[in-house]
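Peer 1: Right, I'll just put the structure down here and ask away after.
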Amino acid sequence: MKLKITSFLLILAAISISHNTAFAQLSTYGYTGAVQYYTVPAGVTSVRIDAKGAGGGSGNGGPGGDGACMSGTFDVTPGEILTVIVGGQGLQWGNSGGGGGGSGVLTSGGLPLIIGGAGGGGAVNA
């Protein structure tokens, strides 16, 4: 059975990329604090992206919220460079938790394909 390369999978807040081929390749992107890039392989014309924002930090009154999970399939051009941003986990600041970082993928023209919102920071006991 021959498989035509038409899509790959991208997961954010650990971004995994796999190609729909007989010999699947997998790449993973995690939080680095820097913008990352992915070049669409030859023959790939659409991508499935699962984006998860990072969770918020815990406060002394409760845990931070989970990041949002978003999914979709998008048309792309072989050779296109996608900008990948992976959000970081929120930290505890004193008695309260800081919000997490959102995750997303942008086109080569800077337009957002998908964004997974971040979780809010945890509460403070008064």
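Peer 1: Counting Lys +1, Arg +1, Asp -1, Glu -1, what net charge surrounds F74 among other residues with beta carbon under 15 Å of its beta carbon?
Peer 2: Values: positive: R48; negative: D50, D75, E80.
Net of charged neighbours comes to -2.
Peer 1: Follow-up question, since we're still on this one. Based on the mean of other beta carbon atoms within 10 Å per residue, what is the order of 40-48, 69-77, 110-118, most packed first?
Peer 2: 110-118, 40-48, 69-77
Peer 1: Evaluate the distance, in nm, between pseudo-label points positioned 7 Å from the Cα of N60 and of Q92 along their respective Cα→Cβ axes.
Peer 2: The two pseudo-label positions are separated by 1.0 nm.
Read-outs: derived from the displayed coordinates by stated rules, not from any lab. None of these values were measured; they are calculated from a predicted model. Cβ atoms come from the backbone with ideal geometry, glycine included; neighbour counts cover every protein chain shown.
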